[in-house]
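The next block holds one structure in the form of structure tokens; read it before the comments.
The values are calculated or read from the model by the stated rules, or taken from the named source; none is laboratory data. Since this is a predicted model, take the numbers as computed values, not measurements. Reconstructed Cβ throughout: ideal geometry from the backbone, glycine too, with neighbour counts over all protein chains shown. Side chains included, ligands, DNA and RNA excluded: accessible areas come from the protein's heavy atoms. Shrake-Rupley method; radii C 1.70, N 1.55, O 1.52, S 1.80 Å.
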Amino acid sequence: DHVTLSFPKMLDEIIEGLEKDQKELPSKYFYDQRGSQLFEEITELEEYYPTRTEMRIMQDNMPYIIRTVGSDIILAELGSGSSKKTRLLLDHFPSITSYIPIEISEQYLAKVVQKLNQEYPDLQIEPLCTDYSMPFQLPAIAQPYSKIVFFYPGSTIGNFQPSQAKAFLNNLSTQLDPGDGMLVGVDLKKNISVLETAYNDRQGVTASFNKNILRHINRKLDANFNLNNFRHEAFYNRDEGRIEMHLVSRTDQTVTIEKEVFHFKQGESIHTENSYKYSLADFETLVSEWFSVEKVWTDSDHYFSLQYLQKI
Ligand code: AVI
């Protein structure tokens, strides 16, 4: 599945990240087929509150959400994954005329689209396999005269650093006209132990998901990471307002990637993911150059929010 993520680009990004003082890897490389499946398992864990909370918010507010988003829309979902939350919308929202799932993992996307075509025979589905963190073009069905609504659930926007999130929003907004919108899930600041538990589940699914980035690199590139030589670490960085995931080297070791050799000291980490947690005010400020916040729905614990943003 390396059609869209071309080999040289993946290699460049990985080498660039591992050459930094604090080694890092782009978190989008979690998501090969296996990584997407592991993430799906995470969403079903007791400890991982975001998915079920967001689904609950959607279920509890569906008529209101539909009224806010409007009718006759083209729904373009960013990082569509299993499209589970989309099914919730499609089942209640007959006025979605077309659906554009946008997903980095090609095999996973193909499978899900095949299923959706069977389940929703009247829906026009136009998949787009791309790395949406880079500028991209929506397919031709998203033409003028129809309202475009991006659907970006799960608080995946929190996996961007704020500066990256702004570049991404800026790029999205070039595809939108005033009145178009975005239905976005945003995870909120909360008790640290709730956060840290969600990223350190007892079964170790999150640990496997984290390590899968190394397996993915071994598979796609000529690399020899030994997964047993790294351990999963996840903690809340209060100053930055984010969960950080790292892979910590258990020993002094070297790893070779396409003839480039990287040294790891015992205890040295690779920073693999950020997951920012926002206050409602901070998020509004983040998007304010391009979007107005029209509506915010939350759960009773204020753990998570679903927001409708309108392009200004
Ligand atoms: C996809 N994204 C919103 C997840 C998150 O919570 O940041 C990815 C994840 N990482 C560890 N667990 C889940």
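Counting the residues of region 187-245 that are open to solvent by less than 30 Å² (accessible area, probe 1.4 Å), within 15 Å of Glu41 (Cβ to Cβ) and free of Cβ contacts under 8 Å to residues at least 40 places away in the same chain gives 2. Among the residues of region 157-196, those that are within 15 Å of the ligand (Cβ to nearest atom) and among the acidic types (Asp, Glu) comprise Asp187, Glu196.
Given the criteria closer than 30 Å to Pro178 by Cα, more than 16 Å from the ligand (Cβ to nearest atom) and small (Gly, Ala, Ser), does Ala281 qualify? In short, yes.
Listed here are the strands (runs of 3 or more DSSP E) enclosed by region 227-312 that have at least 1 residues being over 23 Å from Lys28 (Cβ atoms) and touching a helix residue (DSSP H, G or I) at 6+ places or on another chain (Cβ under 6 Å): 253-257, 291-298, 304-311.
Here are Ser249, Ser269: which of them is open to solvent by less than 70 Å² (accessible area, probe 1.4 Å), over 23 Å from the mean Cα position of the chain (by Cα) and farther than 30 Å from Met182 by Cβ? Just one listed residue meets the conditions, Ser249.
Per-residue answers, yes or no, for (1) farther than 29 Å from Asp187 by Cβ; (2) away from the ligand (no atom under 16 Å from the Cβ); (3) open to solvent by 30 Å² or more (accessible area, probe 1.4 Å):
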{"position": "Val113", "(1), (2), (3)": "no, yes, no"}
{"position": "Asn117", "(1), (2), (3)": "yes, yes, yes"}
{"position": "Asp122", "(1), (2), (3)": "yes, yes, yes"}
{"position": "Ile125", "(1), (2), (3)": "no, yes, no"}
{"position": "Leu138", "(1), (2), (3)": "no, yes, no"}
{"position": "Val149", "(1), (2), (3)": "no, yes, no"}
{"position": "Tyr152", "(1), (2), (3)": "no, no, no"}
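Taking Ser98 as the residue in question, decide whether it is within 15 Å of the ligand (Cβ to nearest atom), over 16 Å from Trp297 (Cβ atoms), open to solvent by less than 20 Å² (accessible area, probe 1.4 Å) and of a type in the set (S, T, N, Q). For Ser98, the condition - within 15 Å of the ligand (Cβ to nearest atom), over 16 Å from Trp297 (Cβ atoms), open to solvent by less than 20 Å² (accessible area, probe 1.4 Å) and of a type in the set (S, T, N, Q) - is not met. More than 23 Å from Gly158 (Cβ to Cβ), modelled with pLDDT under 95, open to solvent by 20 Å² or more (accessible area, probe 1.4 Å) and away from the ligand (no atom under 16 Å from the Cβ), is that true of Lys259? In short, yes.
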